[in-house]
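Beneath this line is the structure, given in structure tokens, with notes to follow.
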Amino acid sequence: MKKRTGILGFLMIFVAAFFSTMYAQIQENSREIHIAGIIIDSKTKQPVMGATIVDENNNVIASTDDKGYFFSKLNKSEKGEIDFRFTVKKKGYTKLTQIEHWADQKNPGAIYYLGIKNKWRINDDSFSKMLPVKNDLVNYDTIAERFIKNENL
């Protein structure tokens, strides 16, 4: 009985060590990407409230408030370069898909200024501007200030 308890104890310690090592590796490789932005009507430059932002699996990751602002955290567990996409959808507008390919970074972030096209306008185009930022610089005021400084939109 003691020999059996000893083997069982050893197996439990081995399994616990194995899973804690695996968890540590996952945590080490895990990156949290912060994306935020302002979505506007591409012609009128007015904020678009209630736009939905979905990931590549069509899961809703954010929606815009009355200022057109959105914020989302994406978790990427793979090492190396970062590939992701998101799509902006709003009834009455043409959807806009943003495809990203970033270098290997620990916890990157970006702010977006996105203009979506009204489906019924002829001479109108969607646009997308992105600026890289640290994860703590993704609030509405920072985004508005950064894009006002870059008035070439």
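Could you please let me know if Phe84 is open to solvent by less than 40 Å² (accessible area, probe 1.4 Å) and not hydroxyl-bearing (Ser, Thr, Tyr)? Judged against the criteria, Phe84 is a match. If we keep just the residues of the stretch 88-109 that are among the aliphatic types (A, V, I, L, M) and farther than 14 Å from Phe127 by Cβ, which is least open to solvent (accessible area, probe 1.4 Å)? The selected residue is Ala103. Looking at the stretch 54-96, the strands (runs of 3 or more DSSP E) lying wholly inside it that each contain 2 or more residues that are within 14 Å of Glu32 (Cβ to Cβ) sit at 69-76, 82-89. Selection within the stretch 44-73: residues that are open to solvent by less than 90 Å² (accessible area, probe 1.4 Å) and in contact with a His (Cβ under 8 Å, 6 or more places away or on another chain). The member of this set that is farthest from Ile116 (Cα to Cα) is Ser72. Taking the stretch 97-125 as the range and being touching a Ser or Thr at 6+ places or on another chain (Cβ under 9 Å) and either part of a loop (DSSP other than H, G, I, E, B) or more than 25 Å from Glu145 (Cα to Cα) (or both) as the test, the residues that pass are Lys117, Asn118, Lys119, Arg121, Asp124, Asp125.
Summed over the stretch 68-95, residues that are over 15 Å from the mean Cα position of the chain (by Cα) and closer than 13 Å to Val48 by Cβ total 8. Only residues that are among the hydrophobic types (A, V, I, L, M, F, W, C) and free of Cβ contacts under 8 Å to residues at least 24 places away in the same chain: list them for the stretch 106-133, please. Selection gives Ile122, Leu131.
Does the stretch 138-149 contain at least one residue that is in a strand (DSSP E or B) and basic (Lys, Arg)? Scanning the stretch 138-149 turns up no residue that is in a strand (DSSP E or B) and basic (Lys, Arg).
The values are calculated or read from the model by the stated rules, or taken from the named source; none is laboratory data. Note that the structure is predicted; figures quoted are calculated from it, not measured. All Cβ positions, even for glycine, are placed from backbone atoms using ideal geometry, and neighbour counts span all protein chains on display. Surface accessibility is based on the protein's heavy atoms, side chains included, excluding ligands, DNA and RNA. Shrake-Rupley method; radii C 1.70, N 1.55, O 1.52, S 1.80 Å.
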